[in-house]
């Protein structure tokens, strides 16, 4: 699992690639939380999922946890460009009602 990030204006972008599962989520969680804390006060965080090849329930838990952390800072969370398999999991789970999907 690889996490990269960037800032565009008032938006924090977090790019995830690889597999987001129970084996990789701990390290990514720590990195994402540090980025969120360092950029508190921006208007939103966009998680780009274009490079995510696999996601299981641990990945859903990861996204929900980041949503809650961002909400405490008053920041919105969006999901961008999920791969078809991740898109299916996100649709079925109902996460798009909390964190809308946007296209690149």
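The values are calculated or read from the model by the stated rules, or taken from the named source; none is laboratory data. Just so it is clear, the structure is predicted and the values come from calculations on it, not from any experiment. Cβ atoms come from the backbone with ideal geometry, glycine included; neighbour counts cover every protein chain shown.
At-a-glance table
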{"read-out": "Any hit, region 66-76, residues being closer than 15 Å to residue 103 by Cα and surrounded by fewer than 19 Cβ atoms within 10 Å (Cβ to Cβ)", "value": "no"}
{"read-out": "Conditions (1) in contact with a strand residue (DSSP E or B) (Cβ under 6 Å, 6 or more places away or on another chain); (2) not in a strand (DSSP E or B); number of the one not met by residue 63", "value": "(1)"}
{"read-out": "Test: residue in region 23-45 that is touching a helix residue (DSSP H, G or I) at 6+ places or on another chain (Cβ under 6 Å), in a strand (DSSP E or B) and at pLDDT below 95", "value": "no"}
{"read-out": "Residue check, residue 52 surrounded by 12 or more Cβ atoms within 10 Å (Cβ to Cβ) and modelled with pLDDT of 95 or more", "value": "no"}
{"read-out": "For residue 104: the one exception among (1) modelled with pLDDT under 95; (2) under 14 Å from the mean Cα position of the chain (by Cα)", "value": "(2)"}
